[in-house]
1. Equivalent-ellipsoid semi-axes (√(5λ), Cα gyration tensor) for segment 311-430, whole Å, largest first?
2. Along the charge dipole of the chain, which of Phe253, Ala233, His79 sits closest to the positive end, that is, farthest toward it, with unit charges on the beta carbon of Lys, Arg, Asp and Glu (+1, +1, -1, -1)?
3. If I take all pairs of Cα atoms in segment 99-189, what percentage of them are more than 16 Å from each other?
4. Tilt of helix 37-49 relative to the longest C-alpha principal axis of the chain, in degrees (0 to 90, nearest 10)?
5. May I ask you to list the GluC sites (Glu not before Pro) in segment 170-258 that are in a DSSP loop and have at most 11 other Cβ atoms within 10 Å of their Cβ?
6. Mind pulling the angle between the C-alpha long axis of helix 109-122 and the longest principal axis of the chain? Nearest 10 degrees, somewhere in 0 to 90.
7. What percent antiparallel are the DSSP beta bridges of the chain, to the nearest 5?
8. Assuming 0.36 nm per residue, please report the length gained on full extension of the stretch Asp174 to Glu371 beyond their Cα-Cα distance.
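The values are calculated or read from the model by the stated rules, or taken from the named source; none is laboratory data. No experiment lies behind these values; they were computed from the predicted model shown. Cβ: placed from backbone, ideal geometry, glycine included. Neighbour counts: every protein chain shown. Surface areas here come from the heavy atoms of the whole protein model, side chains and all, with no ligands, DNA or RNA. Shrake-Rupley method; radii C 1.70, N 1.55, O 1.52, S 1.80 Å.
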Amino acid sequence: MTRRTDQLKLGAFLANSGHHVAAWRHPRAQADASLDFDYFKQVAQTAERGRFDALFVADVVALWGHHLDALSRTARGEHFEPLTLMAALAAVTSRIGLIATATTSYNEPYHIARKFASLDYLSKGRAAWNLVTSVVSDEAWNFGREAHIDHAERYRRAEEFHDVVKGLWDSWEDDAFLRDKDSGQYFDPAKLHVLNHQGEYFSVRGPLNVARPPQGHPVLVQAGASDAGKALAARVAEVIFAMAETIPAAQAFYNDVKQRATALGRDPDGIKILPGITPFIGRTREEARELFEEFQSLVDPVLGLRLLADTLGEDIDLSAHDLDGPLPETPVGQRGSRRDKVLELARNEGLTIRQLYLRLAGGNPVIGTAEDIADTFDAWFQARACDGFNVFFPYLPGGIEVFVDEVVPLLQERGLLRREYEGATLRENLGLVRPANRFAGSAA
Ligand SMILES: Cc1cc2nc3c(=O)[nH]c(=O)nc-3n(C[C@H](O)[C@H](O)[C@H](O)COP(=O)(O)O)c2cc1C
């Protein structure tokens, strides 16, 4: 098989203390990182030193998880609002992209179009929007609703939301602002376009009060896994966050989404698919395995059982069962495909309750030396299971420093990763086309 000539695209997931659910307890992690800007600055600058494409920050607009016994054992009870954090990071970095999450379920398109256009200016063309439909039902209670919007409706709303935001970003043609001191004309009204959107969920006249963003529009990121999610991603996403534990599973997702996009007339290379991966790096394989086990040993059983219940069904209570015994015969709950996969895993491998929740806590780990990590990245990339990775550092800030010092040079030696940024904008570094304004040339 000939080697790919393109290069890996890398995202760095900014997590409080690290991505592992028990990270904050580990001696190598900073426990009070969640609202410490100096911590985020250090991680961001290290990612930029390692020539990552982008930083990524996730979001939930609620205190995530009302089971306080479990939540109170994690570093997830406090976090920055993503756009605010990214605006600050824009000022202390110069090349790396800034992917902020904002939900389409509990927001208004005008706000989102305006904020991301602003971030694109503040960062000189490095903004990206991770467009999500809220998965966490607690969010409904913060926005005047008694119940969460159901899955199908969330996606219908997301699609219309997206169309409005993108329409607003085209309010101004690229050369609309003349600022001509002699004539006294600041902008050309002929190059301003009013959206006049009337739809099922939104009524938005426009235009936007920010000029067309430097990238044409910020890069669009999506992470849908369901049929509706993949359909939206295939239509609108330029970067897709995926979750897959094996090369065949990742290939299936990759081919599915790229084929859907091709069927819609899109260039499949205009979509970069990045599965999440958690590197545990040691000087030897034994040392890496020990490091992984150290993190796993810090998962409190209360938290572990909650992770399991969140997957198998809210009402399941396994606390009366022996953690080192098997799952009870027929656990209730209906959470669809993920639940079935976990039950199958427990059955096929004969896992105990503790072993099962530790599997969930461990995420998608790759455990080994820097060379092993580089081999894994290479193998997935060459097999077209991905276009790069969204890297979940188990602990921070040390986890990204080890990665940048030890894995990045190996990837560069193999020609898999840039030594210098290709361009000034995220779009240029990802190799994505700058979109034309849909209204350009038409009557204002
Ligand atoms: C890497 C990654 C990051 C995600 N970040 C968020 C997030 O910050 N906020 C959120 O509500 N959902 C987030 N999601 C959830 C996805 O948007 C999506 O809802 C989920 O993958 C389930 O797919 P579905 O919506 O098609 O059912 C993330 C998913 C992945 C894989």
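1. 39, 16, 14
2. In the chain, that residue is Ala233.
3. Pairs farther apart than 16 Å: 63 percent.
4. The angle comes out near 80 degrees.
5. Sparse-neighbourhood loop GluC sites (Glu not before Pro): Glu200.
6. 90
7. Antiparallel bridges: around 20 percent, rounded to the nearest 5.
8. Extending this stretch completely gives an extra 66.3 nm.
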